[in-house]
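Please treat every number below as a calculation from the coordinates, not as lab data. Fair warning: this is a prediction, and the values are worked out from it, not measured in the lab. Cβ placement follows ideal geometry from the backbone for every residue including glycine, while neighbour counts extend to all protein chains displayed.
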Amino acid sequence: MYANGDAPRRRHRTGAASGLLALALLAGGCTAAGGGVEGAPGAAGLRDPYFPKLGNGGYDVRHYALSLAYDPGTGRLDGTAEITARADQDLSAFNLDLAGLRVSGATVDGVRAAYNRAGNELTLRPREDIRDGAEFTVTVTYTGVPEPITDADGSEEGWLRTAGGAVAVGEPEGSMTWFPGNHHPADKATYDLTLTVPAGLEGLSNGVRTERRTERDGRVTTVWHTAEPMASYLATVAIGRYETASATGPASLPVLTAAEPSVAAGSAALRGEIPAILARQAERFGPYPFSAAGAIVTVDGTLGYALETQTRPVFPAASFDRTTLVHELAHQWFGNSVTPATWRDLWLNEGFATYAEWLYSEEYEGVPARTHFERAFAQDANWTFPPAAPPAAENLFDPPVYQRGAMVLHKLRETVGDAAFDEILRGWPAKYRHANASTDDFTAYAESVAGKDLDALWKVWLYGDDRPSAP
Ligand code: ARG
Ligand code: ZN
């Protein structure tokens, strides 16, 4: 499927008689005949400071069309990924990230492509080289029992098996356990996901559910459309005996929530607050950036944390409280619409989502943000490193990224005043809507609103190792 409904642009043929011959010629260093493209392999990673091999160079994904069938009994996943991408160099080969699973076939523009696996890299070698700027479609069929990834901080992510189902989460790199892709947040794309599950189960994902049908064999297929760009770490799937509820949010937004039966009644009232929380956040942060919303509440025991999966965050029941809900909904603006350029910029997600909690508490619980700031200031755990420079991957989700991230924002508020700060809260998600942004982008933007340089503020609160003498 093409994001824009266009057919792919045809590439110039290399003129080689067969794919094998072309491979032999390229391997031998000879030029392809007939004035064709002579490409080079795309990079095997985007050199992220913490995950250098995450993502791949040489192309930009426009759209993922994923078809997944899952059998909770065996744990087996059968998938087809049809990926539409645009080359940004002449390509002889390119990589997708994929962990585990068995690839059974691959094509590029409908023609069988050679492929091989090494670590989490799936390398595809199309029969003809791809010209810089050309749009092309890759199809990968795969199967197997997905294996979760244990993160540097010890938490589990990827395709996680639950009692009778599964839940898939991918921050920062778990999505490669269930579909091949360009799994760095810098490459956002639209998605269509078709999910087939056994009779009696419900399948859920991001975005708008456009179809629900029963197959002849009784299995249930649902189709999910994500119209706005999404970083792959925000893709999700949940399979189980979910009960669903629909509501309408601000500007006719469809809100679909789901909960496993044992936590459905207990979570219903809070799920019902989503439209009102989003409406208030839209007043503060600007229009809600997506065409769907909701939440997925799972039973405890599998997922160790809540995640802001796009449009429909997932929660273990124990984390489904109002503060965490406010946090994950705020991520829809901060993280999901404005996405970090690299994983070093994660405080732009977690600092804002934490500050959204403080704003909520200030407004509805009467606890001033200044009080939250002083409490965070007093805690030693928040002073182990500066928010804009986590020392290693295992520290990405440590307290300084969240709490000091929010403290930076509170100091900014006190420095520029409430009016300018409100303008930043709305203007930042507007300026980088559906795009990527770095810490430097943020400091430059904040200074442009403030009308002055804020070096002293960044030096101490964003980059400083030491706790200042006074909050
Ligand atoms: N972004 C999630 C949140 O809302 C936390 C994800 C934690 N992931 C991890 N691998 N430790 O705060
Ligand atoms: Zn968060």
* Debye-sum result for region 323-471 in log10 I(q)/I(0), which assumes one identical scatterer on each alpha carbon, at q = 0.20 Å⁻¹ -> -1.37
* **Dipole magnitude (debye, nearest 20) for the chain, charges at Cβ of Lys, Arg, Asp, Glu** => 1260
* **For LYS431, LYS459, LYS188, order by how many other beta-carbon atoms lie within 10 Å, fewest first** => LYS459, LYS431, LYS188
* Structure fact -> Partner lysines whose C-alpha sits under 16 Å from that of LYS459, ignoring same-chain residues fewer than 8 away, are LYS411
* Asked: Which cross-chain or sequence-distant (5 or more) residues have an amide H under 5 Å from the amide H of GLY45, H modelled 1.01 Å from N in plane?
  -> GLY57
* Asked: Sorted from fewest to most neighbouring beta carbons within 10 Å, what does the list THR415, THR210 look like?
  -> THR210, THR415
* Asked: So who's got an amide H within less than 5 Å of the one on ASP300, skipping anything under 5 residues away but keeping other chains? H placed 1.01 Å off N, in plane.
  -> ALA317, ALA318
* Structure fact -> Over the Cα atoms of region 165-223 the radius of gyration and the largest Cα-Cα distance (Dmax), both in Å, equal 13.4, 40
* So which lysines pass the test for LYS53, namely a Cα distance under 16 Å, with those fewer than 8 places away in the same chain ruled out? -> none
* To do: Evaluate Rg over Rh across region 291-369, taking Cα atoms for both radii and Kirkwood's formula for Rh.
  => 0.99
* What is the chain by shape, rounded, prolate or oblate, if you read a ≥ b ≥ c off the alpha carbon gyration tensor as root eigenvalues and call it rounded for a/c under 1.5, prolate for a/b larger than b/c, and oblate otherwise? -> oblate
* Structure fact -> Under the helix-only model (-39500 (n - 2.57) for each DSSP H run of 4 or more, divided by the residues of the chain), the mean residue ellipticity at 222 nm, to 500 deg cm²/dmol, is -7000 deg cm²/dmol
* Structure fact -> Computed over region 190-235, the convex hull of the Cα set has an average projected area, in nm², of 3.1
* Rounded to whole Hz and in sequence order, give me ³J(HN,Hα) for region 291-296 from the Karplus expression 6.51 cos²θ - 1.76 cosθ + 1.60, θ = phi - 60°, writing x for Gly and Pro. => 9, 8, 8, x, 6, 10
* **Residue order, fewest to most beta carbons within 10 Å, for ASP153, ASP398** => ASP153, ASP398
